[in-house]
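Peer 1: I'd like to ask some things about the structure below.
Laboratory data are not the source of any read-out in this text; all were calculated from the coordinates shown. Since we're looking at a predicted model, the values are computed, not measured. Cβ: placed from backbone, ideal geometry, glycine included. Neighbour counts: every protein chain shown.
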There are 2 protein chains.
Amino acid sequence: MEPVERAPVWFMRQAGRYLPEYRAIRAKHSFLEMVRTPELAAEVTIQPVDLVGVDAAIIFSDILVVPEAMGMELTIEEGRGPRFSDPVRLYKQIKALTDANIVQKLSYVTEAIKVTKEKLNGRVPLIGFSGAPWTLFAYMVEGEGSKDFHHAKQMLFTRSEDAHLLLRKLTDAVAQYLIAQIEAGADIVQIFDTWAGILTPHDFHEFSLEYIGEIIRIVKNETHHDAPIVVFCKGANHSLSEIAATGCDVIGLDWTVDLSEAKALLGNSIALQGNLDPAVLYATEAVIAEKVDAIARSMGGPRGHIFNLGHGITPDVDPENARAFVRAAKQAYRKETAHA
Amino acid sequence: MEPVERAPVWFMRQAGRYLPEYRAIRAKHSFLEMVRTPELAAEVTIQPVDLVGVDAAIIFSDILVVPEAMGMELTIEEGRGPRFSDPVRLYKQIKALTDANIVQKLSYVTEAIKVTKEKLNGRVPLIGFSGAPWTLFAYMVEGEGSKDFHHAKQMLFTRSEDAHLLLRKLTDAVAQYLIAQIEAGADIVQIFDTWAGILTPHDFHEFSLEYIGEIIRIVKNETHHDAPIVVFCKGANHSLSEIAATGCDVIGLDWTVDLSEAKALLGNSIALQGNLDPAVLYATEAVIAEKVDAIARSMGGPRGHIFNLGHGITPDVDPENARAFVRAAKQAYRKETAHA
C-alpha cells in the first residue's frame, strides 16, 4: 500500500509565549538576549518540534534585527513592543544606514541556525526568515507599530526618492541576510511583509513587491542550495498573481482568502501556505478540526499545500489547542482520502 | 453649454477632531454629551459643510449608541477609546439585551437629524448611519477595540447559536434605528462594518453580510422615502459581488482595491464610494490632487462615483489638507473632461 500523502504543518510564531516552556526561558532572559544567544535561540526554536509536533522549525529571531544591524538602536519594552528611539525621517539618517558587514553583524542568527541544525539532526527542516523591505521601512520610519503609519506613508507620498533609497538599501541587506541564512543551513526562507495590507495595490507594487522580487532574484542567483522561498504579504490578496510572478516558490496566505479561489487563480505552479484564522485556536478541539478540514476541502488535495495559520499564533492560546491544530492538519487529507 | 458633471465628495469622520472648530466645542463638552445633545451634534455635523466644503453632512454620532440603547453601559475614556465595562459573554446577557423602545431611547439622534436638517435648509443632503451587526457584536463581546477580538471570535466559533441570537437582535435594532433616521430626515444612510476584514470570507458571509442584507430588506420594505443605502465593509473586498447582492445602492470601498477592478466586477448597476488612502492627507496639496486624479482615472467617469476616503480621517490631519482633498475631488472629473 502506498503511504497516504499529507501536507506538512508549521505555524508562524510557533516558538513563542503561548508555550510555558518558552516562558520559563524567557523569565530568565530578555527577548533580545534570547535572540542574540545562539544556544538559547536554538533551544526555543526546537521546542515546538518536540512539544507541538510541527513538521518544520523556524529560527527564533525578530525581523527588526536587520535595521538594528544597519545602525538603528532597537529597544523592546515589556508590554509596549519593539521600538526605535530615533526613527528614520531625514535623508542624512537614510544615508547613515549601511548594509556593510550586515552578515557579520547578524552572525548570531547564522550561528543560531548552525546550532539548531546540529541539534535537529535532520529531524525536520529549518526555516529562516526576514522582514520584507516595506515592513522594515514602516517600523524604521515610524519608530514603532502604528495604526496608520503616518510618517512612513508621508515619506512614501512626499519624498518617494528618499523612500526608494531606503527600500533599496533594505533590499540589499535582506538579500545578503537571507543568503547567509541559507548558507548557514536554512532549508527554506520566508519573507514577511506584515504591513503589506495597509498600502493601496498600486503602492504595494511600487514600494513593496518590486523589492521582494529583487531579493528573490538575488537570492536565487547567488545561492546554489535551491532553498524554496516563501512570500507572506499579509492583506495583499489583491495581488496574488503579481506575488507569484516574483519567482517565489510558496505564497503564504492570511485567512481572508479562500484557498480554492487562490488555487483557481494561481494554478498548480506555486505552493500555498496557510491559512487558518489564528483566532480559531481560541475554540475547541472539535471546531479546530472542522475548520482545518474545511481548508483541506478548499485546497482539494495535499500537493502544493503547507498548513499554517494566517498570521502568528497569539500568546494567550492554550498549547493544547496548538497541538490540536497540528494533529488535525496531519489528519485532514488522510480523512479526505479515506472518504474518497 | 451643458454643466460639467462631477462626483460628490464627503468623508468619513468629517465632523471630528482634525477641525479646531470641533475641538473648541469638544473642550467644553464630553464626547457623549455632544452625541446626546441635538443642538451640539447638529453644530459639529454642519461644520465640515461650512469649513471644508463637502457635498453632504453626516450626522455626528457613534456606532456604539445602539448597544447602549439595548442595555449596555458605554464609557469613553480620554485616550483609551470607547469601552463596555460589562462585555456580553453569557447567554443570559444576550437575553437581557433588548431592542424594545430602541427608537425612543435613541430619540436624541433622530432629534439631532431634525435640527440639522432644519439648519442645513436643503444646502446639502444629510447622511445617517449605523454600525453593522457584526461590528457592534465585536465591540459588545470584546468590550473594546482589539487586535484579534479573542472573545468575539471565540463566541462565533464555539457558541454560534448564541452569536446568531445576538446578531439577530442587533439586526432588528439597527433596522428600526435606520428607519427612524430616514423618517427623521436622513437622505441617505450608511452601514459601517468596520471589522468585516478580520473574518474569513465564509465567516463574513455567515456572521455579517447575511444580517446586513436582512437590514436592507427591512429598511427598503418599511420606508417609502427611497433613501439610498451605502454599505461599507472595511477589508471585505473579497466579497464585492456578494455585498452588491444585498440590494444596497452604494458600496463604500477602502483603499486596498482599485476602483477600475471593482467597476469591472460590478458593472454600472451600483455606485462606488471611496477610496483615497486616508494617509494621503499627510502629504502635500499637489500629491493629494495627483492621487485624487488617479482615482478619477481609475473610475473612468463621475457617474456612480462618490468621492470619499477609504476610512475615517485621522485627527492629526491638517484641515488645509482636508480642504485640498475636497477641492481636488470637485475638480478631478472636470479636468478629465477638459482633457477629452
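Peer 1: Could you tell me which residue of region A:214-243 is surrounded by the fewest Cβ atoms within 10 Å (Cβ to Cβ), considering only residues that are farther than 21 Å from A:K153 by Cα and within 14 Å of chain B (Cβ to nearest Cβ)?
Peer 2: The qualifying residue surrounded by the fewest Cβ atoms within 10 Å (Cβ to Cβ) is A:S241.
Peer 1: Among the numbered criteria (1) among the hydrophobic types (A, V, I, L, M, F, W, C); (2) touching a residue at least 40 places away in the same chain (Cβ under 8 Å); (3) farther than 19 Å from B:F232 by Cβ, which single criterion is violated by B:L276?
Peer 2: Just one mismatch for B:L276, condition (3).
Peer 1: Still on this model: Which pairs have Cβ atoms under 6 Å, sit 6 or more apart or on different chains, and link a residue in region A:91-113 that is among the polar types (S, T, N, Q) to one that is assigned to a helix (DSSP H, G or I)?
Peer 2: Cβ pairs passing all conditions: A:T110/A:A180; A:T110/A:A184.
Peer 1: Residues in region A:160-182: is at least one farther than 22 Å from A:Q273 by Cβ, within 14 Å of chain B (Cβ to nearest Cβ) and of a type in the set (K, R)? Working first, answer last.
Peer 2: Here is the first cut: in region A:160-182, the residues farther than 22 Å from A:Q273 by Cβ are A:160-173, A:176, A:180.
In the following step, the residues that additionally are within 14 Å of chain B (Cβ to nearest Cβ) were identified as A:160-163.
Narrowing further to those that are of a type in the set (K, R): none.
Looking through region A:160-182, none of the residues is farther than 22 Å from A:Q273 by Cβ, within 14 Å of chain B (Cβ to nearest Cβ) and of a type in the set (K, R).
Peer 1: Next question, about the same structure. Pull up region B:244-256, narrow it to residues that are among the β-branched types (V, I, T) and over 20 Å from B:R303 (Cβ atoms), then point me to the one that is nearest to the other protein chains (Cβ to nearest Cβ).
Peer 2: The initial filter retains those residues of region B:244-256 that are among the β-branched types (V, I, T), namely B:246, B:250-251, B:256.
Filter once more, so that each one left must be over 20 Å from B:R303 (Cβ atoms): B:246, B:256.
Working: B:T246: 19, B:T256: 6 Å.
This residue is B:T256.
Peer 1: I want to confirm something. Restricting to region B:308-327 and keeping residues that are touching a Phe, Trp or Tyr at 6+ places or on another chain (Cβ under 9 Å) and more than 21 Å from B:G131 (Cα to Cα), which single residue is farthest from the other protein chains (Cβ to nearest Cβ)? Full working, then the answer.
Peer 2: The first filter runs over region B:308-327 and keeps only residues touching a Phe, Trp or Tyr at 6+ places or on another chain (Cβ under 9 Å), leaving B:308-319, B:321-322, B:325-326.
Keeping just the survivors that are more than 21 Å from B:G131 (Cα to Cα) gives B:316-319, B:321-322, B:325-326.
Values: B:D316: 7, B:V317: 9, B:D318: 11, B:P319: 16, B:N321: 11, B:A322: 15, B:F325: 13, B:V326: 18 Å.
Selected residue: B:V326.
Peer 1: Here's a follow-up. Let me spell it out: the conditions are (1) within 25 Å of B:A227 (Cβ to Cβ); (2) buried (at least 18 other Cβ atoms within 10 Å of the Cβ); (3) small (G, A, S); (4) touching a helix residue (DSSP H, G or I) at 6+ places or on another chain (Cβ under 7 Å), and B:G247 meets all of them except one. Which number is the exception?
Peer 2: (2)
Peer 1: Exactly one condition in (1) in contact (Cβ under 8 Å) with a residue 40 or more places away in the chain; (2) of a type outside the set (S, T, N, Q); (3) more than 30 Å from A:R323 (Cβ to Cβ); (4) touching a Ser or Thr at 6+ places or on another chain (Cβ under 6 Å) is not met by A:K234; state its number.
Peer 2: In the conditions (1) in contact (Cβ under 8 Å) with a residue 40 or more places away in the chain; (2) of a type outside the set (S, T, N, Q); (3) more than 30 Å from A:R323 (Cβ to Cβ); (4) touching a Ser or Thr at 6+ places or on another chain (Cβ under 6 Å), A:K234 misses (3) alone.
Peer 1: Pick from A:T256, A:T194: which is touching a Lys or Arg at 6+ places or on another chain (Cβ under 6 Å) and within 30 Å of B:L156 (Cβ to Cβ)? Steps first, answer last, please.
Peer 2: Values: A:T256 fails: touching a Lys or Arg at 6+ places or on another chain (Cβ under 6 Å).
After ruling out the rest, the residue left standing is A:T194.
Peer 1: Related question: Please count how many residues of region A:146-159 are facing another protein chain (nearest Cβ under 10 Å) and either under 21 Å from the mean Cα position of the chain (by Cα) or closer than 19 Å to A:I191 by Cβ (or both).
Peer 2: So the answer is 3.
Peer 1: Going through region A:76-94 one residue at a time, which ones are of a type in the set (A, V, I, L, M, F, W, C) and closer than 13 Å to A:S30 by Cα?
Peer 2: A:I76
Peer 1: Okay, next question. Do any helices (runs of 4 or more DSSP H) entirely within region B:4-112 hold 1 or more residues that are buried (at least 18 other Cβ atoms within 10 Å of the Cβ) and of a type in the set (A, V, I, L, M), and if so, which? It would help to see each step written out before you state the result.
Peer 2: Values: elements: B:20-26, B:31-36, B:38-51, B:65-69, B:91-96, B:102-105.
By residue number, B:31-36, B:38-51, B:65-69, B:91-96, B:102-105.
Peer 1: Does any residue of region B:154-162 turn out to be crowded, with 18+ Cβ neighbours inside 10 Å, part of a loop (DSSP other than H, G, I, E, B) and not polar (S, T, N, Q)? If you could, list the steps in order and put the result at the bottom.
Peer 2: To start, the set of residues in region B:154-162 that are crowded, with 18+ Cβ neighbours inside 10 Å comprises B:154-157, B:162.
Right, trim to part of a loop (DSSP other than H, G, I, E, B) and you get none.
Taking every residue of region B:154-162 in turn, none turns out to be crowded, with 18+ Cβ neighbours inside 10 Å, part of a loop (DSSP other than H, G, I, E, B) and not polar (S, T, N, Q).
Peer 1: Would you mind stating whether A:I288 is in contact (Cβ under 8 Å) with a residue 12 or more places away in the chain, within 10 Å of chain B (Cβ to nearest Cβ) and outside any loop (DSSP other than H, G, I, E, B)?
Peer 2: On the way: in contact (Cβ under 8 Å) with a residue 12 or more places away in the chain: yes; within 10 Å of chain B (Cβ to nearest Cβ): yes; outside any loop (DSSP other than H, G, I, E, B): yes.
Yes, satisfied.
Residue-by-condition table, conditions (1) out of contact with any Pro (no Cβ under 6 Å at 6 or more places or on another chain); (2) closer than 18 Å to B:D254 by Cβ; (3) among the β-branched types (V, I, T):
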{"residue": "B:A289", "(1), (2), (3)": "yes, no, no"}
{"residue": "B:V292", "(1), (2), (3)": "yes, yes, yes"}
{"residue": "B:G301", "(1), (2), (3)": "yes, no, no"}
{"residue": "B:I306", "(1), (2), (3)": "no, yes, yes"}
{"residue": "B:G312", "(1), (2), (3)": "yes, yes, no"}
{"residue": "B:E320", "(1), (2), (3)": "yes, no, no"}
{"residue": "B:V326", "(1), (2), (3)": "yes, no, yes"}
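Peer 1: Which of (1) buried (at least 24 other Cβ atoms within 10 Å of the Cβ); (2) under 19 Å from B:L272 (Cβ atoms) does B:Y211 not meet, given it meets every other one?
Peer 2: So B:Y211 meets the others, but not (2).
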